[in-house]
Amino acid sequence: IPNPINIDLFQPLNKKECRTKFNLPQNMKLILFGAAKTTNKRKGIDYFINACLELRQTSSTAIGIVLYGKDSELLKDRFTLPTFSLGYIQSEKEIIQLYNAVDLFALPSLEENLPNSIVEAMACGVPCVGFEIGGIPELIDHLHNGYIAKYKSSTDLAQGLKWVLENNENSALSQEARRKVVDS
């Protein structure tokens, strides 16, 4: 059973305004990756970096990476896509705005139970991509509100990132992500 969150706080907001707040570009698709300590290997950062390398080679869309969490600045140079590091964010209001500033939340954890971050992102209408581990498949409905990648497969993770970015033009995935949390 996921921890409850306040869906009146964690809800969709104006994407343009949220991007402006964080000085993020308006003209590209943004993928969010974050953790309390982003360099923690258990959070799957190496798989995410490799997936982003593959994504850059297979996608014609302008894509950027948004990092948040302790040590996120240390990772910035490891990405070949434009990368924006926001550091550690403690304010709940800012976290909500950050979720609303992006197009997709990636959580390629190698160990996980029922991550609050996925529930929070989905409540804000953000589709998620994660590995088939722990409670992640209970939260993300594959190809319905996000994508479940094969465990430790950077290639499948890249395919999932690309699939979500290409298949949410009419916001159907976003609506289904929010609906999943509200109905749970």
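The values are calculated or read from the model by the stated rules, or taken from the named source; none is laboratory data. On a predicted model such as this, the values are computed, not experimentally measured, just so you know. No Cβ is skipped: glycine too gets one built from the backbone with ideal geometry, and neighbour counts run over all protein chains shown. For accessibility, only protein heavy atoms count, side chains too; no ligands or nucleic acids. Shrake-Rupley method; radii C 1.70, N 1.55, O 1.52, S 1.80 Å.
Note on region 160-176: residues that are open to solvent by 100 Å² or more (accessible area, probe 1.4 Å), of a type outside the set (Asp, Glu) and free of Cβ contacts under 8 Å to residues at least 24 places away in the same chain amount to 1. With Lys29, Lys21, Lys16 as the choices, which residue is of a type in the set (D, E, K, R) and in contact with a strand residue (DSSP E or B) (Cβ under 6 Å, 6 or more places away or on another chain)? Being of a type in the set (D, E, K, R) and in contact with a strand residue (DSSP E or B) (Cβ under 6 Å, 6 or more places away or on another chain) holds for just one of Lys29, Lys21, Lys16, which is Lys29. All of (1) modelled with pLDDT of 95 or more; (2) farther than 20 Å from Arg56 by Cβ; (3) buried (at least 20 other Cβ atoms within 10 Å of the Cβ) hold for Glu112 with one exception: (1). Taken over region 20-42, the criterion of being among the basic types (Lys, Arg) and either surrounded by 19 or more Cβ atoms within 10 Å (Cβ to Cβ) or part of a strand (DSSP E or B) (or both) is satisfied by Lys29, Lys37.
Residue by residue, here is whether (1) surrounded by 15 or more Cβ atoms within 10 Å (Cβ to Cβ); (2) closer than 26 Å to Thr20 by Cα; (3) touching a Cys at 6+ places or on another chain (Cβ under 9 Å); (4) of a type in the set (A, V, I, L, M, F, W, C) holds:
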position: Gln90; (1), (2), (3), (4): no, yes, no, no
position: Asn100; (1), (2), (3), (4): yes, yes, yes, no
position: Leu104; (1), (2), (3), (4): yes, yes, yes, yes
position: Pro108; (1), (2), (3), (4): yes, no, no, no
position: Arg178; (1), (2), (3), (4): yes, yes, yes, no
